[in-house]
Structures are given as C-alpha cells and as structure tokens.
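These notes are about the structure you will find just below.
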Amino acid sequence: MDPTTSEDVIMPHQSRLAARRKLGDRELHPESLMMSYGYDAHESGGSVKCPIFQTSTFAFDNAEAGKEFFEAIRRLRQDSSAADPGLIYSRINNPDLEVLENRLTLWDGAEAALAFGSGMAAIATTILTFLRPGDVIVHSNPLYGGSEWLIQGILTQFGIEAVGFAAGRSEDLERALQKAGALGQVGLILVETPANPTNDLVDLQRCVQLAETLTDAEGNRPLVASTLGTTCDVNTSWMLMRSLETLKVRMTTATRNARYVAEFLAAHPKVLSVGYLGFLSEEDPQREIYRRQCLAPGSTFSFVVDGGEAQAFRLLNELKLIKLAVSLGGTESLAEHPASMTHSDYAPEELEELGITDGLVRISVGLEHPEDLIADLEQALEAVTVEQPLESGVPG
C-alpha cells in the first residue's frame, strides 16, 4: 500500500469511521469493533491485521502535498478543531498510532484519544500543555508516586505551585481551589480516580463544574507530544491494538476474580480492612459517585494486614503465585507495599492522613483461578503473627 494515500485507507475521515461503527442500523459493540475499526483489510493487500508501519518518515506525492501537510500541523497548533495532517513522520503520526487512538475512543464514547509511550509521558505532556510558570495545579491525593514526584519535586523548580486535596472528600476540593486561586491562576485540575492505592473516588462531574467557573479559555491540543517525542511508538501501538481485542474478556475475568479475593480477605481475622469498591454501603456518600462513574469495582484494591509493616512484609515474602511487583491491571496478579514502594516519596504524616498505613498492601488481581489466588493468600497469611492482648485480671 502506498503510505501517501493512507489518509483515506488507514486513517479515514470521521464520517467514514462513524459509518464503520454500524451493521445496517445496528450500532456495534466496542469489543466487536476492536477487530477492525479504523482499518480496511481489502485496501491493504488483504492483511487481516493492520500492518506494522516500521518507518520514521513518509514520502509525499509532491512538494505541494508536503507544504499542505505542514500547514495542517500549524493550523492544529492554533485550532484543535482543524483537520489532521497527512502522514509526515512517525513521531507526529503513523497509521498504527492513528488506528490505535481511534479504537481507544470506543470504550468511553470519546471524541478523540491520544496514545503515549507511558502513563508518565501522558501526564507530563498534559501538564506541559496547560501549565506555565506562575500557574497552580490542583490535584487529588494520593497520586501515583511518579505523578507526585513530578508535581512536587520537578514542577516547583519551574515556578508552578501545587495544592492537593484528599480523594473521597468533595469539600476538600473546593477548599483547595480557593487556596490555589489565592496563589495564582489555576491551570489544571489533575485527578486520579479511583485513587491509588486507597480506591477513594473523586467526583469528576463536580471537578468539571468547578473548572468551568475558573476560566473561559479554550484548552490547547497537546501537539507538544510530537515535539517531546512522547507519542506511542509503532511497535507498542500494534501490540496495544492486539491487546484491545481481548480487553473485555480479560477485564471481566479479572473483576470477577477480584471479588472472590476481596470477600476472602474481608473475612480473614488477620486483615483489618479491605478497600474494595464493591463493598461500599448504601449509606456511604461515595456510593452515588460510584454509580455515576463506575461500571464495576475493577480488579485492583488494597487491604490492611494486622501488625503493620513487619507483618505486611511477611505476607508479601510468603506469596508464591502472586508476584511481589509494582504495576496493576495486567494478566498476572501482583502485590506490593505502597508506603515503602510506590508512594514512598510522601512524607510519613501525609501517608497517615491519606490512609496509606504501614500495614496496607495493594493487590492487582489477574486471570489466575480465584481458588488458587485465595489459597496463596491463605498460606501467606499463616506467616503473619498477630500479638494477642494481655488478659486483665487480679493475680491469685
């Protein structure tokens, strides 16, 4: 296939994309569209899978086309509604990246999506798009440790101040915005919900309402991604497309497994509490936010082992099937100790305030059989020793 014609083949216009979401009058489900959306095999040599366009640059039909494509880039920098340019350079656009981004929109019914080389690349690029020296960022707490260090350890060196608020406390958000407004212009509200690792929820609808009261300015399109080179590379794009085909099946299984594991832990005498969204009571104010924002409790949650860090470490060191590793949402089950690992950049008093105690363990439940996962946790919990309180009484 000639790459210069692929704007109409690999990267069809939005009207063509919309048409491919239907079978007659029937709107197709995302899990069906993951196999072909945004790509026509008959227009690419019959290849069922989108080929990997392993190239850094694309040839133009003529000089006039090259000029037109670069003019489109300049228009996009000024107006996010401008049409996308043709293929120029893989750091800017690539057929695999475009197909991936089109398919990512389907799960959430989004207008558009951008794919980056990592989560931190996405966060850093977004921050650099919207913040300037003198601005203030308002963010939920706790954040992923990398995000927290970027905000507190790096952005402050560029004259950007930060004000945090506790996830799960709506009133804290409004107080944080008032405090931030006194420091400078609020350029960004950064939210992680459910919070990592506590699973506390942030009301996204309320965040949007409050953000709209701050400014009328239109947001910028983060073309800075192509300048910084944070866009997703072609091989990763292709692998992600492949993974999206089984996403529904994997997430459904992992979510089901997580409930079995959470119920086991909640009933165990050596576990003090379980931060699982499926356990929210009707009286909990977070329950209404959960109904609006979540389709299911997910597969990642935390639990507190009786005995603090020493006993949490004992449990982690005894695990056999579940891997002691950071990350979450994968096919394998993982467990880690946030206070000393992923969130260790937080000060001790901050960890205590946010509920990230020494005994808290985060677990990401994968696709193993739930009975095997429970058996592994059960044998690991046998190694946990809980001090029994001294019996009171009068010596005889």
Residue hits (region 120-153; of a type in the set (A, V, I, L, M), more than 18 Å from LEU183 (Cα to Cα) and assigned to a loop (DSSP other than H, G, I, E, B)) are LEU143
Residue set GLU309, GLU387; condition more than 19 Å from VAL274 (Cβ to Cβ) and among the acidic types (Asp, Glu); output residue GLU387
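Residue-wise test of (1) within 18 Å of the chain's Cα centre (by Cα); (2) open to solvent by less than 30 Å² (accessible area, probe 1.4 Å).
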site	(1), (2)
ARG169	no, no
ARG175	no, no
LYS179	no, no
GLN185	no, no
THR193	yes, no
THR198	yes, yes
LEU201	yes, yes
Note on region 106-145: residues under 13 Å from the mean Cα position of the chain (by Cα) and within 26 Å of GLU350 (Cα to Cα) are GLY119, MET120, ALA121, ALA122, ILE123, LEU143, TYR144
Note on ARG256: of the conditions (1) of a type outside the set (A, V, I, L, M, F, W, C); (2) open to solvent by 80 Å² or more (accessible area, probe 1.4 Å); (3) within 25 Å of the chain's Cα centre (by Cα); (4) more than 13 Å from LEU367 (Cα to Cα), unmet is (4)
Taking first residues from region 294-308 that are under 17 Å from LEU360 (Cβ atoms) and second residues anywhere that are among the basic types (Lys, Arg) and assigned to a loop (DSSP other than H, G, I, E, B), the pairs with Cβ under 7 Å that are 6 or more apart or on different chains are VAL305/LYS270; ASP306/LYS270
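Just to check your reading of the model, which residue among LEU214, LEU201, LEU177, LEU210 is touching a residue at least 40 places away in the same chain (Cβ under 8 Å) and of a type in the set (A, V, I, L, M, F, W, C)?
Working: LEU214 fails: touching a residue at least 40 places away in the same chain (Cβ under 8 Å); LEU177 fails: touching a residue at least 40 places away in the same chain (Cβ under 8 Å); LEU210 fails: touching a residue at least 40 places away in the same chain (Cβ under 8 Å).
None of the other options fit; the residue is LEU201.
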The one condition GLY109 fails out of (1) open to solvent by less than 70 Å² (accessible area, probe 1.4 Å); (2) at negative phi; (3) without any contact (Cβ under 8 Å) to a residue 12 or more places away in the chain is (2)
Scanning region 35-48 residue by residue, the ones that are without any contact (Cβ under 8 Å) to a residue 40 or more places away in the chain and either assigned to a loop (DSSP other than H, G, I, E, B) or of a type in the set (S, T, N, Q) (or both) total 5
Picked from region 22-49 (must be open to solvent by 50 Å² or more (accessible area, probe 1.4 Å) and hydroxyl-bearing (Ser, Thr, Tyr)), the residue nearest to LEU247 (Cα to Cα) is SER32
(message) Against the definition (of a type outside the set (Lys, Arg) and within 24 Å of ILE289 (Cβ to Cβ)), how does VAL136 come out, yes or no?
(response) no
Condition set among the charged types (D, E, K, R) and open to solvent by 70 Å² or more (accessible area, probe 1.4 Å), scope region 337-367, selection farthest from VAL274 (Cα to Cα): answer is ASP345
Given the conditions (1) open to solvent by 20 Å² or more (accessible area, probe 1.4 Å); (2) part of a helix (DSSP H, G or I), every one holds for HIS268 apart from (2)
Just to be sure before I move on: is LEU280 closer than 28 Å to HIS29 by Cβ and in contact with a helix residue (DSSP H, G or I) (Cβ under 6 Å, 6 or more places away or on another chain) in the structure I sent?
yes
Across region 19-35, the tally of residues that are at pLDDT below 90 and within 26 Å of the chain's Cα centre (by Cα) stands at 1
Taking region 50-82 and keeping only residues that are touching a residue at least 40 places away in the same chain (Cβ under 8 Å), open to solvent by 90 Å² or more (accessible area, probe 1.4 Å) and either assigned to a helix (DSSP H, G or I) or over 19 Å from VAL99 (Cα atoms) (or both), one is left with ASP61, ARG77
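The values are calculated or read from the model by the stated rules, or taken from the named source; none is laboratory data. Every value quoted in this text rests on a predicted model; they were computed, and no experiment measured them. Quick reminder, even Gly has a Cβ in these numbers, built from the backbone with ideal geometry, and neighbours come from all protein chains shown. Heads up: the accessible areas ignore ligands, DNA and RNA and are worked out on the full protein's heavy atoms, side chains in. Shrake-Rupley method; radii C 1.70, N 1.55, O 1.52, S 1.80 Å.
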